[in-house]
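Here the structure is laid out as structure tokens; the discussion comes afterwards.
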Amino acid sequence: MKRLTLYVASTVLYTSFIMILALTAIFFLFTYIAQAGDIGKGNFTALAAFLYVLYEVPANIYLIMPVCALLGGLMGLGLLANNSELIVMRASGQSITQIAKGVLLAAFGLAFLTFLTGAYIAPYFQKKATINKTLATGGNEALVLYDTQTLWIREGNAFIHVGKNDANGKLKDITKYTIDNNQLTAIDHADNALFTNKQWQVNDVSSTQIGKDSSIVYHDKQQYWNNLLPPFLLKIITSNTDYLNLSELIDYIKVNKEGQQSANRIWLKFWQTFFQPLSLIILMLIAVPFSLGSMRSSALGYKFIIGMLFGFSFYIINQTFGPFSLVYNLSGFWGAAIPSFIFLIILGFLFWKMRE
């Protein structure tokens, strides 16, 4: 019994990884083509574009894993059916539930990989991809969220590090590095900053002017900086949770004091981390009634096409319902859960029809 379950699971995992490699290659190609227009900007070379797309691979895999699980399940069970192995299993007294255990075991393995990728691996590499591209292209909009509060800003020839961006819009522990002709010419450190009269009032500033042979240090109680983004833009950018891993996301939720729409965005990202693996399990189990309902090869080919439509329908629904829930101010939980619940109902209906 255990050997049969492991055999079904290994076959389904094998075909699922084939689908992951195939769809990832397609995503890689189209993502690289999308970046081709930026090649030549600053130091953004073809190699830099290749590395950017490579760093985006975990995020793409996370998005397509449920679809790959469904198609891999259909391929794996179809392979067993074409080799008459499913017929032998059924003739030897194995029930559909027992065969489905192997599919479920494979689904749990892929679900764990999906959770790990979405919670930790993809955010890390997405952050790295954004940092590298922004520095290479020399864009002035380079604002990168490193963790729940710390951020970097690039404005012209100045790089500004903000140690803390609190919920009230006050910046703390600010350091500005000024670079001219690839040489560090000045370092300014401020204790805090407040946005007043459409500019940042920076307090307790220690400035170091760096020359070729010497440096000069002086202190100001107040300075006014215009090369920091206004608070409303800081809130928009730092509310982007794509670069936060699960631990940072939980910390972000604890300190977040913003409006309901921003809170929904944060909770949507949080719940999607858990519902994406659940969706994968549901979709892979859908392969069971599609494959075992009929053993004829013509029917299997037809059902594989229908399964593909199911998989890509889920992908589209999953990608559109989250933003839809934000527009209509729905709970982040329902924004993440409803696509899974829809296909859970479909799964129950298919198993019920198969038992008739």
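The values are calculated or read from the model by the stated rules, or taken from the named source; none is laboratory data. Keep in mind the model is a prediction, meaning the values are calculated, not measured. Here the Cβ is made from the backbone with ideal geometry for all residues, glycine too, and neighbour counts use every protein chain on show. Heads up: the accessible areas ignore ligands, DNA and RNA and are worked out on the full protein's heavy atoms, side chains in. Shrake-Rupley method; radii C 1.70, N 1.55, O 1.52, S 1.80 Å.
Tell me, yes or no, whether region 320-343 has at least one residue that is surrounded by fewer than 16 Cβ atoms within 10 Å (Cβ to Cβ), of a type outside the set (Asp, Glu), without any contact (Cβ under 8 Å) to a residue 60 or more places away in the chain and under 13 Å from Ile286 (Cβ atoms).
no
What about Thr11, is it under 22 Å from the mean Cα position of the chain (by Cα), polar (S, T, N, Q), modelled with pLDDT of 85 or more and in a helix (DSSP H, G or I)? Full working, then the answer.
Working: under 22 Å from the mean Cα position of the chain (by Cα): no; polar (S, T, N, Q): yes; modelled with pLDDT of 85 or more: yes; in a helix (DSSP H, G or I): yes.
No; evaluated as a whole, the condition is false for this residue.
Could you name every one of the helices (runs of 4 or more DSSP H) located completely within region 32-116 that has at least 3 residues being open to solvent by 50 Å² or more (accessible area, probe 1.4 Å) and in contact (Cβ under 8 Å) with a residue 60 or more places away in the chain? It would help to see each step written out before you state the result.
On the way: elements: 46-82, 85-91, 96-116.
The helices (runs of 4 or more DSSP H) meeting that bar are 46-82, 96-116.
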